[in-house]
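One structure is given here, and the rest of the page talks about it.
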Amino acid sequence: MFAAVYDPFLWMGERIGMRAERRELLRQACGRTVELGSGTGLNLRHYPDGLDELILTEPDAAMRARLERALRRSGRAAHVHAASAEQLPFADSSVDTVVATLVLCTVDAPDVAVREIARVLRPDGQLLFIEHVRSESPRLAAWQDRLAGPWRRFAEGCHCNRATVELMQAGELAVTHVREASWRGMPRIVRPLVVGRARPRPSSA
Ligand SMILES: C[S@@+](CC[C@H](N)C(=O)[O-])C[C@H]1O[C@@H](n2cnc3c(N)ncnc32)[C@H](O)[C@@H]1O
C-alpha cells in the first residue's frame with residue numbers, strides 16, 4: 001500500500017524543491033556508489049554518468065518491484081540488492097559513496113546502520129544524505145513526538161522525530177557539511193530537513 005501511494009504522496013514536494021535538492025546532492029556522487037533504501041527510484045535520474053558502479057539496495061519487496069521497473073525505464077546500468085542498511089553485503093572499505101535520502105528515519109536500528117555505512121566506506125569515502133529530522137523548534141518537536149505513533153503506522157515505520165545528525169555524530173560518522181532546508185509541500189512534522197555529507201571517522205575506517 002505504502003509503495004503504491006509513495007510517488008503520488010511525494011509528487012508536490014518533489015516538484016517544488018525536493019527534486020532540486022536530490023539533483024544538487026547526487027552530482028557529488030563518485031566511484032563505486034551504494035544507495036540505501038532506494039524506494040521507487042526517485043534518485044535514479046540524478047546520478048552523474050561515469051560512476052564506476054551504481055548499486056541500489058531496497059529491503060521491501062513492493063518498493064523493490066517499483067525500483068526495478070524504474071531502473072529498466074531509465075536505461076541506466078545498476079544492480080539492485082534486497083539488503084537492509086543494518087546489514088550491507090559489501091566488504092569493508094570497498095565503497096566510495098553511500099547515499100541515504102529519507103532512509104535513516106525509517107531503519108529499525110539507526111546506530112547499526114551508521115556503523116555499517118562507516119564500515120563499507122573507504123577511508124576517504126563519503127555519505128551523501130538528505131534526511132527529515134527532529135525540529136530545532138521545541139514546539140514543532142513536541143508535535144513530532146505527539147504524532148510519532150500515527151505517523152509511523154502511516155509511513156511504514158518512519159520516525160518523524162529522529163535526531164539523525166546527532167545519531168551520526170554519536171557513532172562512526174563525522175558530519176563534515178550540513179545545511180538545514182525545508183521539505184516544502186509535505187506535512188509540517190516532516191518538513192525540517194538536513195542535507196549534507198559525512199565521512200567515516202578514522203578509527204572506524
Ligand atoms: C521514505 S522511503 C525513501 C525512499 C527513497 N530513498 C527516496 O528518497 O525517495 C524509505 C525507504 O527505506 C526503506 N527501508 C526501510 N527499512 C530499511 C532498512 N532497514 N534499510 C534500508 N532501507 C530501509 C523502505 O523500504 C523505503 O523504501
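The values are calculated or read from the model by the stated rules, or taken from the named source; none is laboratory data. Please read all numbers here as calculations on a predicted model, not as lab measurements. Every residue, glycine among them, receives a Cβ derived from its backbone with ideal geometry; neighbour counts consider all protein chains shown. Accessible surface areas use protein heavy atoms only, side chains included; no ligands, DNA or RNA. Shrake-Rupley method; radii C 1.70, N 1.55, O 1.52, S 1.80 Å.
Sparsely packed loop sites in the range 1-99 (the trypsin sites (Lys or Arg not before Pro) outside DSSP H, G, I, E and B with at most 14 other Cβ atoms within 10 Å) comprise R27. FRET efficiency for the V178 to M1 pair, using the beta carbon distance and R₀ = 22 Å, is estimated at 0.10.
Between the alpha-carbon centres of the range 10-59 and the range 151-185 there is a gap of 17 Å. Annotation: per residue accessible area for the chain equals 48 Å², rounded to a whole number [probe 1.4 Å, protein chains only]. Rolling a 1.4 Å probe over the protein chains gives M63 an accessible area of about 20 Å². Here's how it looks for V98: its modeled amide H is under 5 Å from those of V34, Q126, L127, L128, which are all 5 or more places away or on a different chain. Model label sites at W143 and R15, defined 7 Å from Cα along the beta-carbon direction, differ in position by 2.3 nm. Phi-derived couplings, Karplus 6.51 cos²θ - 1.76 cosθ + 1.60 at θ = phi - 60°, listed residue by residue for the range 174-190: 9, 7, 9, 9, 8, 10, 8, 8, 10, 8, 5, x, 10, x, 4, 5, 10 Hz, with x used for Gly and Pro. Each helix, a run of at least 4 DSSP H residues, gives -39500 (n - 2.57); summed and divided by the residues of the chain, these come to -10500 deg cm²/dmol at 222 nm.
Under the combined filter of DSSP loop state and at most 12 neighbouring Cβ atoms within 10 Å, the range 98-189 retains these GluC sites (Glu not before Pro): E136. Residues whose amide H falls under 5 Å from that of L56, counting only those 5 or more places apart or on a different chain, are E35, H79, V80, H81, with hydrogens built in the peptide plane. Heavy-atom accessible area for L167, with the other protein chains in place and a 1.4 Å probe, reaches approximately 50 Å². Here the chain has 51 percent of its accessible surface on carbon and sulfur atoms, given a 1.4 Å probe and all protein chains in place. With every protein chain in place and a 1.4 angstrom probe, the accessible-area ranking of H177, H46, largest first, reads H177, H46.
Annotation: amide H of A174 within the under-5 Å range of R199, R201, sequence separation 5 or more or interchain, hydrogens built in the peptide plane. Evaluated over the Cα positions of the range 75-182, the convex hull gives a direction-averaged projected area, one quarter of its surface, of 8.2 nm². Computed over the chain, the percent of Cα pairs more than 23 Å apart is 41.
Sequentially through the range 31-36, phi angles give Karplus couplings (6.51, -1.76, 1.60; θ = phi - 60°) of x, 7, 10, 10, 9, 8 Hz, Gly and Pro residues having no value and appearing as x.
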